[in-house]
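The values are calculated or read from the model by the stated rules, or taken from the named source; none is laboratory data. Computed from a prediction, not measured in an experiment: that's the story for all the values here. Neighbour counts are summed over all protein chains in view; Cβ atoms, including those assigned to glycine, are modelled from backbone coordinates with ideal geometry. Side chains are part of the model used for accessible areas, which takes the heavy atoms of the whole protein and leaves out ligands, DNA and RNA. Shrake-Rupley method; radii C 1.70, N 1.55, O 1.52, S 1.80 Å.
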Amino acid sequence: MDVYGIIGNPVEHSLSPPMHEAAFREHGIDAKYVTFEADPDRIEEAFRGADALGIDGLTVTLPFKHDAFEFAEPDEQIRRVGAVNTIDFTENGPVGYNTDMTGTLRAFEHHDVNLKDTRAVVVGAGGAARALAFGFEDAGADVQIANRTASKAHDLADEVPGATGHGLEDLSDLMADADVVANATSVGLESDESVAPADAWHRDLVAFDAVYKPLETRFLTDAAAAGAQTIDGAWMLLFQGVGAFETWTGEDAPVETMNGALRSHL
Ligand code: NAP
């Protein structure tokens, strides 16, 4: 039997186990997907232990994505992001991927949104914002980053080719000229708040929210009310899992099955 899992702290409420187990079942793969709540002071030991135990692959979640980046050999594209959320323990050693980044792009493709030559505003400058900003830039978008702490937006923009950094006071003006606005802050997580001013939305925008608890955030309901297209955060979660499954197994993931399993637990 193959063994996969998610490593983080905390991980008890992770939605990855039902999503991956449904995919393994559908493909007739004899595998288990388990949760590992690692001690932050012993995370490197935990990664080495997983390798030594013959664990086949790990999803890495907070707060260990940077530790995973240092542990597993990341490919060139991911080196810029500085975070690994998927480890494949191969015969040649652990290899790191960032399927948060590639998964978000697949979520946009799934919704028939072509990011090439769009003006995309990323709100936030933390881990999720890094994945989105580099992903959007890779997809050919012109990226603007707005963050509560403007200096962090400027620092991230300095790393993303062509990007500009802003404070949140510029967000309305940025939205007026944008095609895509992505919330990569934690604003709206289990609260009825939005980082974006309600009156800044317009029908030509596509709204994406990384937050998926609740699924219908204030950010997305304000966007929908103005006629904008919306993509909820579960799509990012789904497609990072899809990317991990495909990396580990080399098979096309059963997207509908994984989506059903995920949404039935939300
Ligand atoms: P993080 O690294 O801690 O970054 C948090 C960001 O939120 C920072 O830019 C911070 O701004 C901003 N922020 C926090 N409170 C704010 C407030 N009251 N007003 C304005 N901005 C505020 O977190 P992260 O890992 O990037 O995660 C961000 C969100 O994305 C979380 O809700 C997480 O659950 C979600 N996420 C979802 C997925 C998915 O698969 N859907 C994947 C990853 C993350 P400052 O720099 O000014 O502090």
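If the condition is being open to solvent by 10 Å² or more (accessible area, probe 1.4 Å), within 14 Å of the ligand (Cβ to nearest atom), hydrophobic (A, V, I, L, M, F, W, C) and over 28 Å from M1 (Cα atoms), then the stretch 221-262 contributes W235, M236. Quick check on the stretch 64-72. Is at least one of its residues open to solvent by less than 10 Å² (accessible area, probe 1.4 Å), within 17 Å of the chain's Cα centre (by Cα), of a type in the set (F, W, Y) and assigned by TED's automatic domain parsing to the domain that holds P18? Checked against the condition, which is being open to solvent by less than 10 Å² (accessible area, probe 1.4 Å), within 17 Å of the chain's Cα centre (by Cα), of a type in the set (F, W, Y) and assigned by TED's automatic domain parsing to the domain that holds P18, the stretch 64-72 yields at least one hit. Of all residues in the stretch 54-85, exactly one satisfies the criterion of being away from the ligand (no atom under 14 Å from the Cβ), touching a helix residue (DSSP H, G or I) at 6+ places or on another chain (Cβ under 6 Å) and closer than 22 Å to E137 by Cβ, namely R80. Scanning for something away from the ligand (no atom under 12 Å from the Cβ), in contact (Cβ under 8 Å) with a residue 60 or more places away in the chain and open to solvent by 60 Å² or more (accessible area, probe 1.4 Å), does the stretch 181-200 turn up at least one residue? No. If you go through the stretch 37-75 and pick out every residue that is over 22 Å from M236 (Cα atoms) and either in a helix (DSSP H, G or I) or among the β-branched types (V, I, T) (or both), you end up with 16. Select, from L58, L53, the only residue that is surrounded by 21 or more Cβ atoms within 10 Å (Cβ to Cβ) and free of Cβ contacts under 8 Å to residues at least 60 places away in the same chain. Just one listed residue meets the conditions, L58.
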